[in-house]
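Every number here is computed from the coordinates shown, using simple stated rules; none is lab data. Everything numeric in this text was worked out from a predicted model, so none of it was measured. Neighbour counts run over all protein chains shown; Cβ positions are idealised from the backbone, glycine included.
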Amino acid sequence: MNPLKLPKMTKKEIADLIKGQLICRIAFKGEKAPYIAPFQYALIGGKLYFHFTKYGRKIELIKKNEPVCVEIEKTTPEMSEYAFVSLIGNLKIVEDPEERAKAIKKLADQGKRKLSKNFLAAHGFKAEDGWESLTQNKRLIIVKLVDVSEIVGLKSP
């Protein structure tokens, strides 16, 4: 008996899923095992942008310039419907001040509208600081996904 394969998503379904979510997971090639961490992301001009805190192993892993896998999913609470997209590419630190400012503004605006202030801890800020603390005036590390070599989107049957 052959196993049931999940149906592939169309390009439009993939684009809609990416546009409709805020949180992803990024899998890095770690020293002993893969390292996976959740991130808020912003979609701007077809590119995914992320804020990295200055602590932890993520910064060291990004400096190695190894491919990463970004996974974005959408599920119903009881899993009767689900879909996920995986993108393989590289992460690059954004140096351009204008591009960086756009990404920070979008991340902060999304956070204000759709996320709890408690999630600010994932950005390295206190909840009482509010989403206004995520500004271009701070020395925030903004990273984008580049050189995407593979995109896979699968969904519930």
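Brief remarks follow.
- Within a straight-line Cα-Cα reach of under 18 Å, residue 11 can be paired with the following lysines, leaving aside sequence neighbours fewer than 8 residues apart in one chain: 19, 47, 74, 155.
- Note, ³J(HN,Hα) from phi for region 139-150, Karplus 6.51, -1.76, 1.60, rounded to Hz, x at Gly and Pro: 7, 8, 8, 10, 10, 10, 7, 10, 6, 5, 9, 8
- ³J(HN,Hα), Karplus 6.51/-1.76/1.60, whole Hz, each residue of region 57-74, x for Gly, Pro: 8, 4, 5, 4, 5, 5, 5, 6, 6, 8, x, 10, 10, 9, 10, 10, 9, 9
- Low-density loop cleavage sites - trypsin sites (Lys or Arg not before Pro) in region 110-157, where at most 16 other Cβ are within 10 Å (DSSP): 126, 138, 139
- Between the listed residues 82, 38, 94, the Cα displaced farthest toward the positive end of the dipole of the chain, a dipole computed from Cβ unit charges relative to the Cα centre, is found at 94.
- Angle in degrees between helix 11-20 and the longest Cα principal axis of the chain, rounded to the nearest 10: 40
- Each of [x] 57, 40, 26; [y] 36, 35, 30; [z] 58, 34, 29 is a candidate for Cα extents along the principal axes in Å; the one calculated from this structure is [z].
- Local electrostatic count at residue 44 - Lys and Arg +1, Asp and Glu -1, tallied over other residues with Cβ under 15 Å: +4
- Selection of chymotrypsin sites (Phe, Trp or Tyr not before Pro), region 33-137, meeting DSSP coil and at most 11 other Cβ within 10 Å: 55
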